[in-house]
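In what follows, a structure is listed as structure tokens, so that the remarks can point back to it.
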Amino acid sequence: MASITFIEHDGTEHAVEIEPGKSLMQTAIDNGVPGIDADCGGECACGTCHVIVEGKWISTTGSASEDELQMLDLTPERDDNSRLACQINTSEAMDGMVARLPEFQM
Ligand code: FES
């Protein structure tokens, strides 16, 4: 089974199994990973599912849409590898991926 590791701002790690096709946001929520609020339920409308994908893994997450980029512009801790977790569909290719959580969601 493929897995992804979420790392909280304080360094706490959460390794969770992937269900391919499920969003990265839903994967975190379903596994009790703290730090993702997902206030809009995955509609790319709140920006509270911000994650920072580590290094080379950003290429496996696909491209952000214009709507996602606009939401990311509003996040205070934006990084070059920032994504909204609700806009990433997980896949087996993400086995080993690391996603860091910002200190605060907006
Ligand atoms: S859950 Fe609202 S933008 Fe991702």
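Within the group Gly96, Gly47, Gly41, which residue is surrounded by fewer than 14 Cβ atoms within 10 Å (Cβ to Cβ) and farther than 16 Å from Ala2 by Cβ?
Details: Gly96 fails: farther than 16 Å from Ala2 by Cβ; Gly47 fails: surrounded by fewer than 14 Cβ atoms within 10 Å (Cβ to Cβ).
Going through Gly96, Gly47, Gly41 in turn, just one is surrounded by fewer than 14 Cβ atoms within 10 Å (Cβ to Cβ) and farther than 16 Å from Ala2 by Cβ: Gly41.
Conditions tested, residue by residue: (1) among the β-branched types (Val, Ile, Thr); (2) buried (at least 18 other Cβ atoms within 10 Å of the Cβ); (3) more than 25 Å from Ala15 (Cβ to Cβ).
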{"position": "Ser59", "(1), (2), (3)": "no, no, no"}
{"position": "Pro76", "(1), (2), (3)": "no, no, yes"}
{"position": "Ser82", "(1), (2), (3)": "no, yes, no"}
{"position": "Thr90", "(1), (2), (3)": "yes, yes, no"}
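All of (1) in contact (Cβ under 8 Å) with a residue 12 or more places away in the chain; (2) surrounded by 15 or more Cβ atoms within 10 Å (Cβ to Cβ); (3) on the phi < 0 side of the Ramachandran plot hold for Ile29 with one exception: (1). The set of residues in the stretch 1-20 that are touching a residue at least 60 places away in the same chain (Cβ under 8 Å) and within 14 Å of the chain's Cα centre (by Cα) comprises Ser3, Ile4, Thr5, Phe6, Ile7, Glu8, His9, Ile18.
A short reminder: the numbers here are calculations on the coordinates, not readings from a lab. From a predicted model like this one, the values you see are computed outputs, not experimental measurements. Cβ sites come from the backbone with ideal geometry, for glycine too, and all protein chains shown count toward neighbours.
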